[in-house]
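This report concerns only the one structure given below.
Where a number appears in this text, it was derived from the coordinates with a stated rule and is not lab data. Fair warning: this is a prediction, and the values are worked out from it, not measured in the lab. Methodologically, a virtual Cβ is constructed for each residue, glycine included, from the backbone with ideal geometry; neighbour enumeration extends over all protein chains shown.
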Amino acid sequence: MSKQNRHSKPIDQLTGIQVSDEFQRFDQRDEIYCRSEWDEEIQSDQATAFFEGYFMPAARTRRSDGFSQRDYALRNASWHVTNVLRDLRRQKDGRKEGFFDHFTAHEEGWSEPYAFESAEEATANIRRVAKLAGADLIGICAYDERWMYNTLFCDNSKDSKPLDLPEGLDNVILIGEAMDIALTGTVPSALSGSATGLGYSFDAVTLLTLAQYIRNLGYRAYATMNDTALTIPLALQAGLGEVGRHSLLITPEYGPRLRLGKIFTDVPLLHDKPRSYGIKQFCDVCERCASACPPKAIPFAKPSEKTYNRSNIIGINKWTTDAEKCFSFWANQNTDCSICIRVCPYNRDFSRWYHRLWFKLASSPLRRFALWLDDRLMDRRRQNSRAWWNG
């Protein structure tokens with residue numbers, strides 16, 4: 001149960017988010033990737049090489065499996081669409097869209113709002129178009145100021161700037177894009193980073209398409225990815241899943257293998273309800289991600305308000321990852337890491353009936369048996385990248 005205080009809302013009883021009196025909205029400047037651009041405690045030669053390596057001339061290829069030229073070639077190509085959209089206005093006015101700022105690559109829409117007969121009709125219409133545009137998952141929730149960044153990060157000044165969304169955008173559309181399960185099996189590798197890059201690229205295309213459609217209907221819509229607001233609390237409110245020990249969203253359809261985006265809009269929509277899948281109870285007894293994490297950035301302890309550094313939000317009782325340890329490992333291995341996703345028992349192909357049956361077991365009092373089954377039946381060791389290339 002959420003502690004009742006001036007920061008709590010009734011929906012917290014459904015999401016399980018516990019907000020304390022010490023809660024503070026998060027400044028985007030303190031996010032670990034933003035800190036790598038201004039904080040001397042985070043900046044390093046390895047961190048600089050890490051970001052530069054997402055462009056082929058600077059990729060540090062090596063003989064190790066998963067880190068060859070073709071592995072980096074695919075990883076960096078998977079980010080290309082996102083990078084192009086990100087940098088459209090970067091030189092002109094310092095906007096880094098999709099990461100520090102919302103997307104602005106839109107045409108002018110219709111002058112008058114389309115007259116839906118009801119919010120039910122509008123919601124069904126938006127869901128249909130979202131699926132057509134490539135969304136693997138879609139959820140809808142109300143705007144919640146608590147999860148909006150208190151301030152945004154400015155790429156030019158390396159300082160904070162005000163949030164730039166207009167008022168009156170009462171609804172948030174959450175979009176989920178699944179990451180390739182075979183690629184995530186090769187973590188850690190540059191090749192596995194292709195799953196992340198494609199997740200973002202597909203997400204960007206879907207978000208921009210759906211936002212432009214809403215604008216063409218005569219409503220306002222602002223597409224965002226890592227910018228503007230904390231996405232996971234909104235995804236919980238939209239009923240997409242629950243948070244695992246590794247601090248990632250876990251869904252019944254794709255487990256933790258998901259990239260998320262969101263659209264802030266004033267089109268009239270019905271809100272989804274948060275749902276409990278028993279994931280929190282399963283993670284209470286499962287420590288796979290914490291055990292497998294090389295830098296030991298994932299806690300074994302119970303959820304708490306403990307923060308490790310300024311990259312953690314204050315005043316939320318939850319499992320918190322040490323972002324500094326996590327990012328340091330990324331920089332040192334010269335590609336992003338998702339070992340926690342690879343080893344997670346929820347990382348399964350839920351289109352298969354037997355994996356859906358396992359999910360029901362994991363959601364029940366038989367969760368320890370489900371964990372034992374995962375141990376016996378699933379191979380969660382790192383897969384050879386060469387085998388992926390050979391099909």
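For L191, what charge total do you get from the other residues with a beta carbon under 15 Å from its beta carbon, if Lys and Arg give +1 and Asp and Glu give -1?
+4
Explain nothing, just compute: Karplus ³J(HN,Hα) = 6.51 cos²θ - 1.76 cosθ + 1.60, θ = phi - 60°, for every residue of the range 235-245 in order, whole Hz, x for Gly and Pro.
Rounded to whole hertz, the list is 5, 4, 5, 8, x, 6, x, 10, 8, x, 4.
Rounded, prolate or oblate: which one fits the range 264-303, using the alpha carbon gyration tensor with axes a ≥ b ≥ c (rounded when a/c is under 1.5, else prolate when a/b beats b/c, else oblate)?
Prolate.
Give me the net charge of M179's neighbourhood, meaning all other residues with Cβ under 14 Å from the Cβ of M179; Lys, Arg count +1, Asp, Glu -1.
Summing Lys/Arg as +1 and Asp/Glu as -1 gives -2.
Please list 318-327, 244-253 highest first by mean number of surrounding beta-carbon atoms within 10 Å per residue.
Ranked from most to least packed, the peptides come out as 244-253, 318-327.
Would you work out if the range 332-391 is rounded, prolate or oblate? Take a ≥ b ≥ c from the square roots of the eigenvalues of the alpha-carbon gyration tensor; rounded if a/c is under 1.5, else prolate when a/b is larger than b/c, oblate otherwise.
Here the range 332-391 falls in the prolate category.
What does the net charge come to around D203 if you take all other residues with beta carbon closer than 15 Å to its beta carbon, with K and R at +1 and D and E at -1?
0
Taking H placed 1.01 Å from N in the peptide plane, check which residues at least 5 places from V243 or on another chain put their amide H under 5 Å from its amide H.
Excluding prolines and chain starts, which carry no amide H, the hits are I250.
Kindly rank 218-227, 161-170, 381-390 from highest to lowest mean number of other beta carbons found within 10 Å of each residue.
218-227, 381-390, 161-170
With the cut-off at 1.5 for a/c, could you classify the chain from its C-alpha gyration tensor as rounded, prolate or oblate?
rounded
What value, in deg cm²/dmol to 500, does the helix sum -39500 (n - 2.57) over DSSP H runs of n ≥ 4 give at 222 nm once divided by the residues of the chain?
It comes out at -9500 deg cm²/dmol, rounded to the nearest 500.
Applying the Karplus parametrisation 6.51 cos²θ - 1.76 cosθ + 1.60 with θ = phi - 60° to the phi angles of the range 286-300, what ³J(HN,Hα) value in whole Hz is obtained for each residue in order, glycine and proline being reported as x?
9, 10, 4, 5, 5, 5, 8, 6, x, x, 6, 8, 9, x, 8
Sticking to Cα atoms, compute the Rg of the range 304-344 to one decimal and its Dmax as the biggest Cα-Cα distance, whole number, in Å.
11.9, 33
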